[in-house]
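Derivation of every value follows stated rules applied to the coordinates shown; laboratory data play no part. Keep in mind that this is a model prediction, so the values were computed, not measured. When we count neighbours, we look across all protein chains shown, and the Cβ atoms used for this are built from the backbone with ideal geometry, even at glycine.
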Amino acid sequence: MYHPFSVSDILKTSWYLFRRNFVTIIVFSVISFILLSSLGIMVQLIIAPEAFAGTMLVSFILILVQAYTTLGLYKLIFTLIDSEYYEFEFKQIVPGFKMIISYLAVAFILAFIITNFAILVEYLEKYPVVDDIIKTVGVIVALYLFLRIMFFNTFIVDDHSGPIESLKQSFKLTKGYLLKVLVILGIILLFIGLPAKISQYYPLTSIAIMFTYPFVNIILAITYRKLVYSHQDVDEVPNETL
């Protein structure tokens, strides 16, 4: 490709963006964390477990807020990349209605697939050999599919794509780059999984996730942009970040 890149280049660029805009990114991360945590506490304290309707309502609100914070973070990252040399307004990082609907549609599609696979696995428990084969194949297929669709968020935000379109675009984007994408995924899981594991023994370390979560999403956004420019075989935008 005209624009070859390495994993180390992605990490270096991601760290540059994160360090340069540290306060802005962390403030957004902290606000999102407080908002989601507050809603989670509200579910536990106000809504009784047997109150199905109330639980479903608050759960939907949680998903909706998570959609806004997730897409808002991506909008912020892309805005910081594209607006490095000029000021930007708050409204530029607020996700549009179409983005939210597209994100929720993909989330429900994935939830539907996972739920039906879980039902199948539960049904096959009476056939241990078949059950083990299905689980093994399921893990391999799930990993492969996740590698191919992991950029659907970036297409929804950066290209205003619909749910199905974003999944197709992610499949096309990762073609020929599975090894690099796999390495990036491993790094992301390390940044998220390690603090989560340590926090089980030292709860205060969970605060680290407020730093690692936005950073791994920056890595995803930078990887996405690098892949886009490689596939397009054109010069990158004249931006020092990329």
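Quick notes
- Straight Cα distances below 21 angstrom link residue 12 to the lysines 75, 180, 226, with same-chain residues fewer than 8 positions distant left out.
- Take every pair of alpha-carbon atoms less than 8 Å apart whose residues are at least six positions apart; their mean separation over the length of the range 7-232 yields a relative contact order of 27 percent.
- Each label was represented as a point 7 Å from its Cα along the Cα-to-Cβ direction; for residue 117 and residue 143 these points are 1.2 nm apart.
- Residues of type lysines that residue 135 reaches as a straight line, Cα spacing below 23 Å, ignoring anything fewer than 8 places off in the same chain: 126
- Per residue, the convex hull spanned by the alpha carbons of the range 7-232 comes to 165 Å³.
- Cα extents of the range 98-242 along the three principal axes, largest first (Å): 60, 40, 31
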